[in-house]
Ligand code: URP
Ligand code: ZN
Ligand code: ZN
């Protein structure tokens, strides 16, 4: 199938230019001005007044995740459909190694969850939870199998790794030219503050969740991680950064010459801590870790976005139903499953709250949501670029569409959205995945077309 998109505003991190894009089969064939369809079979699409972005990449999803007592509402079928509905054509999901498991076993398990079911392309980060010499020896196999990024946790009893192992893993992954993302929260502080909240009779209070995971807990862990990475002599990626205090630690390390990548999430740009004080149990809808922060944190993160100091916007999409799952924490805030849905609405949240409000440019949107992740995670220019030879993953973005986010209209499976009733501007009018139209105006028109993306070493 051939398509010619005429007269769109083609966006890259470096600028925007009016032009035409010729697509043949899975690839972009030509980008230029005054292109002609060539034959009658070619479908011509008018791009006038629309932005054309390279397909968006969500660097952080948890689909079909078994989180102990709960299983996420979205699996790869619903989660990736939601992704393309919003303009995301590639997701990077987190494979988690269970204790005693090899990395290959974990990877095979995630392939079984995603293969044949996914409506967008997908790759896997590997969360290492059980580090030993056998696992060390598997890293080259992981590279060969297209896994070049990892996650480590500094909290959660069953997932966390200690400082010595963090340093060893950073050094080992550097040999592969991979990258490690780290969940930075101080485990001890959180455990003590949870005990304090419960001891003071505040176990039913949802506000106890952010109170037991303060900004200092994130900043301390970031500081410690960056000391470790500095001594290891490796770059590192801070995932889901939520605080101004944490950002200060990043900036201090960067001033010393360290290479630090930062991902934040739409919930830390769109929401404020007061959500935890909503009436009744409503605040449980926003329980995630790290928690939603203060207005000051939100403003600092937007400022950093505007100044090009952040690298990626991933959702940390980890969805649970309110009615049947979050409700289990009614009497004990620590039993509320952690995580929010977001994969469907990330592009429009960034466009509405960032671009429309002039806190970010469309170029920055392209950089954070597509180009930078493609480079850091070894997919560029197959992904992340509107260029001849790149995969024809494209979003024709209508900048003028106005609509309201409602759970009743969403594709993702969770029974709510944290952004219910939010009036937004902008929409993925047409979404191409490797040359096929898979979504129009928020509705999926072709499903299960996603393929595994075997990734290379980091390119930054
Ligand atoms: O609350 C969250 N973020 N759940 C997902 C797991 C994680 O730490 O990323
Ligand atoms: Zn995390
Ligand atoms: Zn996560």
task = Filter the stretch 55-69 down to residues that are farther than 19 Å from residue 312 by Cα and within 11 Å of ligand 1 (Cβ to nearest atom) and give me whichever is surrounded by the most Cβ atoms within 10 Å (Cβ to Cβ).
result = 65
task = Identify all residues within the stretch 164-198 that are in contact with a helix residue (DSSP H, G or I) (Cβ under 6 Å, 6 or more places away or on another chain), part of a helix (DSSP H, G or I) and under 18 Å from residue 129 (Cα atoms); write none if there are none.
result = 166, 167, 170, 171, 172
inquiry  = It is to be established whether one or more residues within the stretch 397-415 are under 19 Å from the mean Cα position of the chain (by Cα) and within 17 Å of residue 4 (Cα to Cα).
reply    = no
message = Based on this model, can you work out whether residue 290 counts as over 14 Å from residue 210 (Cα atoms), modelled with pLDDT of 95 or more and either within 18 Å of the chain's Cα centre (by Cα) or more than 13 Å from ligand 1 (Cβ to nearest atom) (or both)?
response = no
query = Among the candidates 155, 143, which residue alone is surrounded by fewer than 22 Cβ atoms within 10 Å (Cβ to Cβ), touching a helix residue (DSSP H, G or I) at 6+ places or on another chain (Cβ under 6 Å) and touching a residue at least 60 places away in the same chain (Cβ under 8 Å)?
reply = 155
Search result, residues across the stretch 296-335 that are part of a helix (DSSP H, G or I) and over 16 Å from residue 268 (Cα atoms) = 326, 327, 328, 329, 333, 334, 335
ask   = When residues of the stretch 251-284 are filtered for being in contact (Cβ under 8 Å) with a residue 40 or more places away in the chain, assigned to a helix (DSSP H, G or I) and more than 19 Å from the chain's Cα centre (by Cα), how many remain?
value = 7
key: Positions within the stretch 96-123 being surrounded by fewer than 24 Cβ atoms within 10 Å (Cβ to Cβ) and in a strand (DSSP E or B), in sequence order   = 96
key: Residue check, residue 418 without any contact (Cβ under 8 Å) to a residue 24 or more places away in the chain and either touching a helix residue (DSSP H, G or I) at 6+ places or on another chain (Cβ under 8 Å) or surrounded by fewer than 16 Cβ atoms within 10 Å (Cβ to Cβ) (or both)   = no
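The values are calculated or read from the model by the stated rules, or taken from the named source; none is laboratory data. Predicted model only: the values in this text are computed from it and were never measured. We place every Cβ from the backbone using ideal geometry, glycine too, and count neighbours over all the protein chains shown.
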